[in-house]
4 protein chains.
Amino acid sequence: MDAMMMGTMKDMMSGGMETMDMSLMQACMDACSACEQACTVCSTQMMDCAPACMNCADMCNTMMRAMMRTQGMSPAVMMSMLDACMAMCQLCMDMCMPHSNKSEVCRMCAAACKACMDACMAMRDSMMAA
Amino acid sequence: MDAMMMGTMKDMMSGGMETMDMSLMQACMDACSACEQACTVCSTQMMDCAPACMNCADMCNTMMRAMMRTQGMSPAVMMSMLDACMAMCQLCMDMCMPHSNKSEVCRMCAAACKACMDACMAMRDSMMAA
Amino acid sequence: MDAMMMGTMKDMMSGGMETMDMSLMQACMDACSACEQACTVCSTQMMDCAPACMNCADMCNTMMRAMMRTQGMSPAVMMSMLDACMAMCQLCMDMCMPHSNKSEVCRMCAAACKACMDACMAMRDSMMAA
Amino acid sequence: MDAMMMGTMKDMMSGGMETMDMSLMQACMDACSACEQACTVCSTQMMDCAPACMNCADMCNTMMRAMMRTQGMSPAVMMSMLDACMAMCQLCMDMCMPHSNKSEVCRMCAAACKACMDACMAMRDSMMAA
């Protein structure tokens, strides 16, 4: 998501969303996108993590899109979705980690889940403080 | 989702998910699917509810798919996603209701959101009791 | 998708889409939705059909949504997407069929793919004739 | 999509997909992802391009995921989906371009659609030559 698009999104915000930290949100959207991609690839390995990876890919895509459509969000709904996204990423990471020695894809997927959780938490903390 | 498919899904459940009430889950998947469809149509009207409708359609689809892939879920993650889905449906309903007099689509979308919230709550209550 | 919603969608159509046969389109949306669900369940089995099932679930969902948003479609684009959806369903069916003896889910998934292909073809034929 | 992930994906390819040009495919996945994001933001403006933008966002996401799951694709299905994606991007661009003077988001969305079409065409040409 380039800077000009982010600036335009900022201008369209209202309803309590306009206080959001745009750099944290940008980082969170990027982390969600990266996690969707890693989970999508990981799910093709047909190991026992696959269903969790598919769930995580869908949740991360939904999370990313919601951040791009804040006109249809409120701070409370955003936090509830961040909680769900973090919980899903945690589960996916827990299922991929045991395979990380034998599968490079699982190792990368677990890392992408961790990065997404961290970015969601940073954004949630920032919203709580606002 | 037909009964034979539901029976097969039940047989594949484990990890604490096998205690789930399959009739409540089937009703919840159907309500999510109906809500995704109503929200998708409603979003094309380009009224101020549209971004919430798009967010709700995506969340409902993600919720429905997660119920079909319980091998990659845990009861705790399921409940967190149900919370997010209910919060999103509530917001969408709140944005569509004021238009319900002038738009039949908004009236139907708000009703689908309410039905989805109720089905998610019934499933959540059942999981808490288990 | 209930009849009242279909009627409202019909009223919103323009740009060459208003000649579409609404009963064929309704049948096609329902077949896409059923196929997305069957493929989603089938993909959790972690057999070699799983990646095709995931691709098919996504394509069917995208196809269904596009039929609900004809304001953002043209007859030519609709036909191109129907072709892609039929090709994807055919491939998924071809991968699930060899498992249909040992997996009831694969048998149901292949049947849902066939029904979706047929519904897409009926709609495409009708558009060609219009 | 980082280089290590791409290398692993390459190793998992078969069925005629292993001859694909991985750098063109990486560029195409990135263009699809960027187009999904631009279309998602553009759809929130509630201008008459919004339904096309939503359709385009969904098609681009489905296209991107299919490239990440080539185990469930064949060259013929891939080309059919690329055709559908290019057709959808063209329509979305045609609807956003007339707004490009008054909306910076529409201008960026049209540019992302054009870039996605070009990347899909490059990949399709390369597959035809193989």
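The values are calculated or read from the model by the stated rules, or taken from the named source; none is laboratory data. Treat the numbers as computed from the prediction; the structure is a model and nothing was measured. A quick note on method: Cβ atoms are made from the backbone with ideal geometry, for glycine too, and the neighbour counts reach across all protein chains shown.
Table for the structure above
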{"read-out": "Segment B:44-53 - residue that is of a type in the set (A, V, I, L, M, F, W, C) and not in a helix (DSSP H, G or I) and, of those, surrounded by the fewest Cβ atoms within 10 Å (Cβ to Cβ)", "value": "B:Met46"}
{"read-out": "Residues (in contact (Cβ under 8 Å) with a residue 24 or more places away in the chain and not polar (S, T, N, Q)) located in segment A:19-35", "value": "A:Met20, A:Asp21, A:Leu24, A:Met25, A:Ala27, A:Cys28, A:Met29, A:Asp30, A:Ala31, A:Cys32, A:Ala34, A:Cys35"}
{"read-out": "Filtered residue count, segment C:94-130, keeping only those that are of a type in the set (Ser, Thr, Tyr) and not in a helix (DSSP H, G or I)", "value": "2"}
{"read-out": "C:Asp21 modelled with pLDDT under 95 and either more than 10 Å from every other protein chain (Cβ to nearest Cβ) or buried (at least 22 other Cβ atoms within 10 Å of the Cβ) (or both)", "value": "yes"}
{"read-out": "Residue check for C:Ala31: more than 14 Å from chain D (Cβ to nearest Cβ), buried (at least 24 other Cβ atoms within 10 Å of the Cβ) and either more than 23 Å from A:Cys53 (Cα to Cα) or not hydroxyl-bearing (Ser, Thr, Tyr) (or both)", "value": "yes"}
{"read-out": "Pairs where the first residue, in segment D:102-122, is buried (at least 24 other Cβ atoms within 10 Å of the Cβ) and the second is among the β-branched types (Val, Ile, Thr) and at pLDDT 95 or above, C-beta under 8 Å, 6+ apart", "value": "D:Val105/D:Val41; D:Cys109/D:Val41"}
{"read-out": "Answer from A:Ala52, A:Ala38, A:Ala27 - the residue that is under 15 Å from D:Met9 (Cβ atoms) and either of a type in the set (Asp, Glu) or at pLDDT 95 or above (or both)", "value": "A:Ala38"}
{"read-out": "Residue list for segment A:69-93, filter: among the charged types (D, E, K, R) and in contact (Cβ under 8 Å) with a residue 24 or more places away in the chain", "value": "A:Asp83"}
{"read-out": "Test for A:Met4: is it farther than 21 Å from D:Met63 by Cβ, modelled with pLDDT under 95 and not charged (D, E, K, R)", "value": "yes"}
{"read-out": "Residue list for segment A:8-18, restricted to those being surrounded by fewer than 18 Cβ atoms within 10 Å (Cβ to Cβ) and touching a residue at least 12 places away in the same chain (Cβ under 8 Å)", "value": "A:Lys10, A:Met12, A:Met13, A:Ser14, A:Gly15, A:Gly16"}
{"read-out": "Single residue of segment A:84-101 satisfying the filter (modelled with pLDDT of 95 or more and surrounded by fewer than 17 Cβ atoms within 10 Å (Cβ to Cβ)) that is nearest to A:Cys28 (Cα to Cα)", "value": "A:Asp94"}
{"read-out": "So B:Asp48, is it touching a residue at least 24 places away in the same chain (Cβ under 8 Å), within 9 Å of chain A (Cβ to nearest Cβ) and out of contact with any helix residue (DSSP H, G or I) (no Cβ under 6 Å at 6 or more places or on another chain)", "value": "yes"}
{"read-out": "Residues that are facing another protein chain (nearest Cβ under 10 Å), of a type outside the set (A, V, I, L, M, F, W, C) and within 12 Å of the chain's Cα centre (by Cα), drawn from segment B:76-127", "value": "B:Asp83, B:Gln90"}
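Conditions tested, residue by residue: (1) free of Cβ contacts under 8 Å to residues at least 40 places away in the same chain; (2) away from chain C (no Cβ under 14 Å); (3) assigned to a loop (DSSP other than H, G, I, E, B); (4) among the small types (Gly, Ala, Ser).
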{"position": "D:Gln37", "(1), (2), (3), (4)": "no, yes, no, no"}
{"position": "D:Cys42", "(1), (2), (3), (4)": "no, no, no, no"}
{"position": "D:Asn55", "(1), (2), (3), (4)": "yes, no, no, no"}
{"position": "D:Asp58", "(1), (2), (3), (4)": "yes, no, no, no"}
{"position": "D:Met67", "(1), (2), (3), (4)": "no, no, no, no"}
